[in-house]
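Student: Below you will find the structure I want to go over with you.
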Amino acid sequence: MEDRPHKAHRSSTKDKGKGKEKQHGFNEKAFAPKSGRRADRQGRRNVERDQTRLHVPLVNRTPDSEPPPVIVAIVGPPGVGKTTLLKSLVRRYTKQTLNEAKGPVTVVSGKKRRLTFIECNNDLNSMIDIGKIADLVLLMIDGSFGFEMETFEFLNVLQSHGFPKVIGILTHLDLIKKAATLKDTKKALKKRFWTEIYQGAKLFYLSGVLNGRYPDTEIMNLSRFVGVMKFRPLVFRNAHPYLLADRIEDLTPREQVRLSKGKCDRTVTVYGFVRGTNLRMGTKVHIPGVGDLDMKSVTILGDPCPLPDADSEKRRKLSEKKKLLIHAPMSDVGGVMYDKDAVWINVPGSFTRGNTDVPQGEGEQMVMDMQDARATLEDGVAQSHIRLLGSSSKHLTVEALDEDESDDGFDDESGEEEGDESGLDSDEDGGEDDEDIVVNPQSTGRSSRRHVERTLPTASTSKGGRADVEYADSDSDLGDEDDEDVLGKRFQMEDGDALDIPSDAEDDLMDDEEEGEEESAPKWKANLAAKAQAASNSKRRKDWTKLIYSTDLTPEEVLSGKEEHPVEAEEMDGDEEDFFRLEPASRREEEEEVDSSKEKWRGEDLKRWEDDEILDSIRGLFITGPAVQEGGEEDDEDTGGDFEDLEAGESSAAPLPSEAESKATSLAAKKEELKRKFDEQYDDPEASKVDFYTEKKEEMSRQLQFNLEAFQDIPAEQRALVEGYRPGTYVRIELVDVPCEMIENFDPTYPIIVGGLLATEERFGYVQVRIKRHRWYVRTLKNNDPLIFSLGWRRFQTVPIYSLDDHSIRMRMLKYTPEHMHCYATFYGPVSLPNTGFCAFNSLSADTPGFRVSATGVVLDIDRSVKIVKKIKLTGIPYKIFKNTAFVRDMFSTALEVAKFEGANIRTVSGIRGQVKKALSKPDGAFRATFEDKVLKSDIIFLRAWYSIQPRKFYNPVTSLLLSDKSQWTGMRLTGQVRRDESIKTPLNVNSTYKRIERPERRFNPLIIPKKLQAQLPYASKPRAMKPQKQQTYMQKRAVVMEPEERKAVALLQQIRALRKDQVAKRKEKKNEKKAEHRKKVEKEEEKKSDKVKERKKEVMRATGKKSKRDAEAEEGRGSKRRKTSS
């Protein structure tokens, strides 16, 4: 065996020719079709295929610069792996593991895109709400089980409310062990998924779970596909503002909640990104599951999950590089959130004192230090000791002021806000010096400056020889920030001098809370309003730059290097440690300026304007001045610059262009546009022509660009007032009169959507829709049965009336919805715009068996005066009959009703038509009617009429978010359901029970034709009915009586006839049997004869064939001999 040589490798020839047939075939794309008809058909097909790709152009209102996060909804039945997928995707984008996923989770997925993941639980209300706002749906399907009923219900909800992008995800495929079964399962599920969505819909496969999440490679492929998806704006969302609330806070005062035992309406704030269109202040909003609410205020907040840019990436520290942005307040994950009321800081890990395991940044360390604080800032200030100078041996002591010492020349003001830290104001020249004033650390800022006129306070001291107040040489000598709380009281100096210092802290004396504490407050706070008024009347203001820096030089003089003149010796007398120093009154009056809204002018500045050259240089800037020539060298900008210098800071704005210049600019732009159009038509006229689709898209883009340019220079606050809050803005909405059950039964796993309502959607009226019962819903919808509609943002229960258009004449009511056909429905509810889709349900409970989507449709019209009629038949009987006239009763009850129906058409059951003529005096309701023929008393006369009906004004909003068990909302029940729940028997009406119908047989009179008419009739039409003979015939008259012998003879003859008849029957039967046997024999003989004939024909044909063959051979032999002899 070892010596045997190895066989040579034989290459397989099976796959050599695989795929070669395509190469040898005819390539249709490489050559033009030979047939003109085929070329025309192919061209039409290409055009149709291109047109199917196009959609109606819609304006995309989402800004390109900072779009709102894309809402990615994870939907599926319970136990399919939704939470695992959410945690895996968050881990993929942020490198963080969520402990519990509740509510929306916003992450940054790229430079220009953010994603908001939200998990949809197995509740029909949540699925409806998620379907209205989701931009992308990750539809999870259990591969080992297949599609479930909730999946099909959710897809039908999407079809009604605008179909977003849908990606299918198959999970639990690791439970299928056989490869062939797995392949067949994937193929079947993909085919069914494509049937529901569209051919070619994307379907991902997740094989299994590793370490609590799906494989990283599969999640990466899914995230890449999600990151590059493009979304088309949907019609309803493009016209309505909305936001998905990622945080909710209750601002109701706790005392009010305690007094009402938690049953008072709440004031709630919701936070989220604005989506759709602009959110305008003053409009109503609707929270599905709660109801319509009013917005008290809308505030723009900082973006909690901002997009990365170049500046932010540069500012990020090395330790922050690893922290990718994530915002999930309901899941207790996120960074620092700035609110109008507070700042929220979420720190990962164990957030306790002394925790050194978690790395801490500056913000986290600050919060840790705040935890270690044992006293508040107010207590620390009250217990602190203040020294004005570092060399002082005694600290300052505070004494309460007496009533007679309170009015000593110091003027205090009652601060209105913390934004005015110092209470003093300076002019434009001293604007930089305000930074040196001590600022309250709790100040929240002020939008506008407060102009208050004050004079320098005069201190009452015990030393009469000291005329000036000395100030510290630097800010450090003034003490810490804690000193502010003790200012405004009397200070005891080391040498025994007492000095009163005014306070600039915020004093809200106008508030009610402060009024209650007025008795315990220090006496120096009394009469602050009068003191502020006296201070404003003093018309004095001090130069704080000179007082703080002890110099008379301005900032410009200091920068230029000018030195200060030495101070006179007499001014330096006194104790050097004394900080306060009084100035002489004469010097104070010279240097103090009046604090007023008008600028104080100096004489040397005004003298400049006496020069004629300066006046001529700016004369062209005014309307009354000479116009500047085009060819001149004079420049408006240079002139404006000289004007600014001369004004010395009064106005830095450049002069506005004149009206002539603006007209010239617009005219030049129009000429440029006309020239461009002319060039396009002259160069290539066909190139300038665009199709309708491209033209509309360009028009929309131009309009968007125009809007951007129009609002470009407007501040954000004014822009929000004009056009509303733009999509992509993170806002805080304060809602009032919110039901308390929403806060008490709040569950973060149920989405909270704040949908903006248009002006028309706030009204209620009769809405007409086109509706069709769903083909999977087994029960027929009955008229006047309650139905739950999901229309717009709302979900509500109402009572519809079904109808059909009766030849465009009337709307005829239907008792039931037709099979496989649309009909009309009219109900009372909130008005919605036409072409708004909706879906309807009989019940939203999870216990309902079968398919829950009962109907779908679209809004047709908003008609508040809709008229629906139903057919009614009024019956009556004739009680007096004349030739063609009859008196009818029991159809109406009064003569007034008869008068209303005069001239109406009536008819009998037998088909005789008639007309109502006039009412009779007696009995009531009887009338005279004429017919086309004589009627009988047994005839029933009926009148067909139409009765107008009105839909019931019933509107019951679905308030599922107000319940503790959100899936157990129940609305109005049917009568049968109420009886079944309450175990009540159905009442029986005696007249409605089924009885045996006994109809007496009717006898009709014979047809009588007059003799004159019979004589005129043709013979064939004359009646042949003979009269019955009145006299008896001879056979009827005679009576036959037989003797006993005759009777015996007659009986014997009858017996003989019977025997004879029996014998004849037997003979006939035997003959038939013999005939059948004879037929069989004859058939056999015929078969033998036919076989012999066939054999004979074969022998004849065989002999004929042989003979013809011999003749042919003989002919060939003769021909060969002749050829030989001739050669």
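Student: Relative contact order of region 248-318, please, whole-number percent, based on alpha carbon pairs below 8 angstrom and at least 6 residues apart. Let's see the in-between values first.
Tutor: Values: 39 pairs, mean separation 13.7, N = 71.
RCO, region 248-318: 19 percent.
Student: Roughly how far apart, in whole Å, are the Cα centres of region 63-140 and region 238-255?
Tutor: Taking the Cα centre of each part, region 63-140 and region 238-255 sit 19 Å apart.
Student: Please list, in chain and number order, the residues 5+ apart from Lys165 or on another chain whose amide H is under 5 Å from its amide H, with Hs placed from the backbone.
Tutor: Under 5 Å from the amide H of Lys165: Val137.
Student: Same structure, new question: Starting from the Cα-Cα distance between Ala904 and Asp292, subtract it from 0.36 nm times their residue separation and give me the gain in nm to one decimal. If you can, show how the numbers build up before the last one.
Tutor: On the way: separation 612, 0.36 × 612 = 220.32 nm, distance 4.97 nm.
Additional length available on full extension: 215.3 nm.
Student: Also, I was wondering about something else. If only Cα atoms are counted, what is the Rg of region 758-866, and what is its Dmax, in Å?
Tutor: 13.6, 44
Student: Continuing with this model, one more query. Calculate, in nm to one decimal, what Leu175 and Glu1046 gain on full extension: separation in residues at 0.36 nm each, minus their alpha carbon distance.
Tutor: Details: separation 871, 0.36 × 871 = 313.56 nm, distance 10.35 nm.
Residue separation times 0.36 nm, minus the Cα-Cα distance, leaves 303.2 nm.
Student: Collect residues whose amide H, placed 1.01 Å from N in the peptide plane, falls under 5 Å from the amide H of Cys839; neighbours closer than 5 in sequence don't count.
Tutor: Here the answer is Ser790, since their amide H atoms fall under 5 Å of that of Cys839.
Student: Show me, bin by bin at 5 Å from 0, the whole-percent P(r) of region 70-234 based on Cα pairs.
Tutor: That works out to 1, 8, 19, 23, 22, 16, 8, 3, 0, in percent per bin.
Student: So, one more: With charges only on Cβ, +1 for K and R and -1 for D and E, what is the dipole size of region 758-866 about its Cα centre, in debye, rounded to 20? Intermediate values should be presented prior to the final figure.
Tutor: Working: 14 positive and 9 negative charges, 48 e Å.
Here region 758-866 has a charge dipole of around 240 debye.
Student: Let me ask something else about it. Could you sort 1012-1024, 38-50, 194-206, 958-970 so that the peptide with the highest average Cβ count within 10 Å comes first and the rest follow in order?
Tutor: Details: 1012-1024: 8.6, 38-50: 10.6, 194-206: 14.2, 958-970: 17.0.
Per-residue Cβ counts within 10 Å, averaged per peptide and sorted highest first, yield 958-970, 194-206, 38-50, 1012-1024.
Student: Sticking with this one: What does the highest-first list of 868-876, 287-295 look like by mean Cβ count within 10 Å? The partial results should precede the final answer.
Tutor: Details: 868-876: 15.0, 287-295: 20.2.
Averaged packing, sorted descending, gives the order 287-295, 868-876.
Student: Could I ask something else about it? Packing-wise, with mean Cβ within 10 Å as the measure, how do 150-161, 1084-1095, 180-191, 837-848 rank, highest first? Display every interim value, and only then the final one.
Tutor: Numbers: 150-161: 20.7, 1084-1095: 9.9, 180-191: 13.2, 837-848: 18.2.
The peptides rank, most packed first, as 150-161, 837-848, 180-191, 1084-1095.
Student: Continuing with this model, one more query. Quick one: pull the percent of accessible area on region 758-866 belonging to carbon and sulfur, 1.4 Å probe, ligands and nucleic acids left out. Write down the numbers at each step before the final one.
Tutor: Values: 2270 of 4620 Å².
The value for region 758-866 is 49 percent carbon and sulfur by accessible area.
Student: Starting at the first residue of region 840-857, write each ³J(HN,Hα) from the Karplus equation 6.51 cos²θ - 1.76 cosθ + 1.60 with θ = phi - 60°, in whole Hz, x for Gly and Pro.
Tutor: Listing the rounded values in order: 10, 9, 7, 8, 9, 6, 6, 7, 5, x, x, 7, 8, 6, 8, 7, 9, x Hz.
Student: To continue, here is another question. When the scattering of region 877-937 is computed by the Debye formula from its Cα atoms alone, each counted once and equally, what is log10 I(q)/I(0) at q = 0.19 Å⁻¹?
Tutor: So the normalised log intensities are -0.59.
Student: Moving to a separate point now. Tell me the carbon and sulfur percent of the accessible area for region 70-234, rounded to whole percent, probe radius 1.4 Å. Spell out each step's value before the answer.
Tutor: On the way: 3680 of 6970 Å².
Exposed carbon and sulfur together represent 53 percent of the surface.
Student: Can you list which of the trypsin sites (Lys or Arg not before Pro) found in region 780-831 are DSSP loop residues with at most 14 other C-beta atoms within 10 Å? Don't skip to the answer; put the middle values down first.
Tutor: Numbers: sites: Lys782, Arg794, Arg795, Arg810, Arg812, Lys815; in loops: Lys815.
Sparse-neighbourhood loop trypsin sites (Lys or Arg not before Pro): Lys815.
Student: Which pairs break 24 Å Cα to Cα here: Lys934/Lys1012; Lys900/Lys953; Lys263/Lys966; Lys883/Lys937; Lys1048/Lys1071? The partial results should precede the final answer.
Tutor: On the way: Lys934/Lys1012 22 Å; Lys900/Lys953 29 Å; Lys263/Lys966 19 Å; Lys883/Lys937 13 Å; Lys1048/Lys1071 35 Å.
The answer is Lys900/Lys953; Lys1048/Lys1071.
Student: What shape does region 61-149 take by its C-alpha gyration tensor, where a ≥ b ≥ c are the square roots of the eigenvalues and a/c under 1.5 counts as rounded, a/b above b/c as prolate, and the rest as oblate? Mind showing how you got there, number by number?
Tutor: On the way: a/c = 2.21, a/b = 1.42, b/c = 1.56.
Cα axes put region 61-149 in the oblate bin.
Student: Can you quote the Å³ per residue value for the convex hull of the Cα atoms in region 70-113, rounded to an integer? All intermediate terms of the calculation are to be shown ahead of the outcome.
Tutor: Values: hull volume 3.3 nm³, N = 44.
Convex hull volume per residue, Cα atoms: 75 Å³.
The values are calculated or read from the model by the stated rules, or taken from the named source; none is laboratory data. Note that the structure is a prediction, hence the values are computed from the model and not measured. Cβ atoms come from the backbone with ideal geometry, glycine included; neighbour counts cover every protein chain shown. Areas reflect the complete protein model, heavy atoms only, side chains present, ligands, DNA and RNA absent. Shrake-Rupley method; radii C 1.70, N 1.55, O 1.52, S 1.80 Å.
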